[in-house]
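To start, the structure under review is shown below, and the notes come after it.
The values are calculated or read from the model by the stated rules, or taken from the named source; none is laboratory data. Since we're looking at a predicted model, the values are computed, not measured. We place every Cβ from the backbone using ideal geometry, glycine too, and count neighbours over all the protein chains shown.
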Ligand code: HEM
């Protein structure tokens, strides 16, 4: 079981994440969106969304840098394993609490507002519940990590993640002796990866790739926003009709 969950399942989850996302973008590009509910209800949205997103982004960067940076880099920079562990606990803990409060508010809003609930899919609600469960499990690791403040337990997770990433066999052995809360946290984290292509979480990739696409592939494109501060004058129905008829008579409309 340990070998499957922490040695094989990571590859299944990451393959579904990458290939599933490519397939969805290819088949159904118009479903690739955040499905934001901001238009339906503005109240409490900004504060909840900011708390959630800032918290999750700090955690995301912390996990990527913390787990995937080779251990020799920290040693070279004279960052002790204990100092790194305390940083992970403090920064990750604060970000985790922020994301949990924001995520809780977003779920409450989605569940209790009739209009948002009716326009939410099962996946919209389920993924928010799973993210909250993942955040609570993550925060549940903090007291255990605190007991290993010399960082030796964290080094095992770093070794596991780096061996998975570099396709080395035997990675699961490094997680075998870890506390249950860590195992649950990692298994659910992998499951969230696996579910990304089937949920609105695909929008995360747009945050990364869309700016690159405009910078590198379509540099001629730009977003233009009007600086108009007052409303346009009202048009009468007759005026709108006149413009429609004129547009229909233009040669390009007949092509
Ligand atoms: C497969 C994906 C993931 C893996 C392998 C993973 C692994 C870990 C590990 C090893 C720790 C303990 C760090 C330490 O103190 O030594 C941790 C902590 C934590 N994780 Fe994750 N995690 C994953 C996904 C996530 C996700 C998706 C979230 C949030 C939505 C999250 C939120 C947290 C939080 C809040 C903590 C506690 C604070 C901290 O130590 O940074 N994790 N995670």
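A count restricted to segment 41-65 and to residues that are surrounded by 16 or more Cβ atoms within 10 Å (Cβ to Cβ) and over 17 Å from the mean Cα position of the chain (by Cα) stands at 1.
Table: residues versus (1) near the ligand (Cβ under 6 Å from one of its atoms); (2) farther than 30 Å from residue 111 by Cβ; (3) surrounded by 15 or more Cβ atoms within 10 Å (Cβ to Cβ).
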residue	(1), (2), (3)
124	no, no, yes
130	no, no, yes
144	no, yes, no
159	no, yes, yes
166	no, yes, no
175	no, yes, yes
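Take the residues in segment 4-18 that are closer than 11 Å to residue 196 by Cα and in contact (Cβ under 8 Å) with a residue 40 or more places away in the chain; name whichever of them is surrounded by the fewest Cβ atoms within 10 Å (Cβ to Cβ). So, considering only residues that are closer than 11 Å to residue 196 by Cα and in contact (Cβ under 8 Å) with a residue 40 or more places away in the chain, the one surrounded by the fewest Cβ atoms within 10 Å (Cβ to Cβ) is 14.
When restricted to residues that are in a helix (DSSP H, G or I) and farther than 23 Å from residue 171 by Cβ, segment 68-97 contains 13. Quick check on residue 149: is it touching a residue at least 24 places away in the same chain (Cβ under 8 Å) and outside any helix (DSSP H, G or I)? Yes: the conditions hold for residue 149.
Among residues of segment 95-111 that are surrounded by fewer than 17 Cβ atoms within 10 Å (Cβ to Cβ), those with a Cβ under 6 angstrom from a residue that is part of a helix (DSSP H, G or I) and at pLDDT 95 or above, sequence gap 6+ or separate chain, pair up as 101/51.
Consider segment 181-201 and keep the residues that are under 14 Å from residue 2 (Cα atoms), more than 6 Å from the ligand (Cβ to nearest atom) and in contact (Cβ under 8 Å) with a residue 60 or more places away in the chain. The one that is farthest from the chain's Cα centre (by Cα) is 183.
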